[in-house]
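Let me begin by presenting the structure, written as structure tokens, before commenting on it.
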Amino acid sequence: MSASKITKSNPRKYLKIVKNKLQNKREIYVRFLQVMTAYSAQRIDPSGVKSVVKELFKEDQEPISGFNTFLPKGFEIKPECDQNGFKIKLECEQTPPKKYVDIEYSEALDFVRKVKDDDRIYKSFVTIMDMYKKKNKSLDEVCREVYMCVYLLQY
């Protein structure tokens with residue numbers, strides 16, 4: 001995948017490359033499109049989209065180089081393998097820019113305030129987070145289930 005030919009002004013080109021790459025992995029492609037739609041609509045922040053995309057492309061990291069074009073500085077996904085396919089140690093991730101941290105924090109507080117008013121959703125949310133902490137759920141499962149909690153909270 002040639003990251004140099006992909007620009008922020010041409011995301012369709014990147015999507016076409018990813019679609020071709022994932023032609024035999026429809027579920028991953030559909031999930032990728034869902035995440036991109038949520039990111040475009042600002043329903044998921046850069047660190048959230050980064051986590052999901054990293055998980056989706058864990059078996060084939062080639063699409064990540066093109067994806068980094070669309071992430072803000074400091075949120076790029078570092079490759080886990082060198083050019084020869086050998087595992088390399090990831091560098092410590094940079095601290096996200098302050099404006100994203102502030103937005104995430106205020107959104108998290110708003111979410112907690114809304115959730116604690118609905119016992120059913122609050123208990124579901126706490127259970128999901130507890131299962132993730134105990135490594136009984138993957139990040140992808142947590143994202144899906146928390147998304148459903150937020151969805152239910154709106155209706």
Can you tell me the length gained on complete extension of the stretch D117 to N136, counting 0.36 nm per residue apart and subtracting the Cα distance?
4.2 nm
Of the cross-linked pairs K50/K78; K114/K135; K19/K135; K114/K137; K19/K58; K25/K58, which ones have a Cα-Cα span greater than 19 Å in the structure shown?
K114/K135; K19/K135; K114/K137
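Quick note: the coordinates plus some simple rules give every number you see, no bench work behind them. A quick note: this is a predicted structure, and the numbers were derived from the prediction, not measured.
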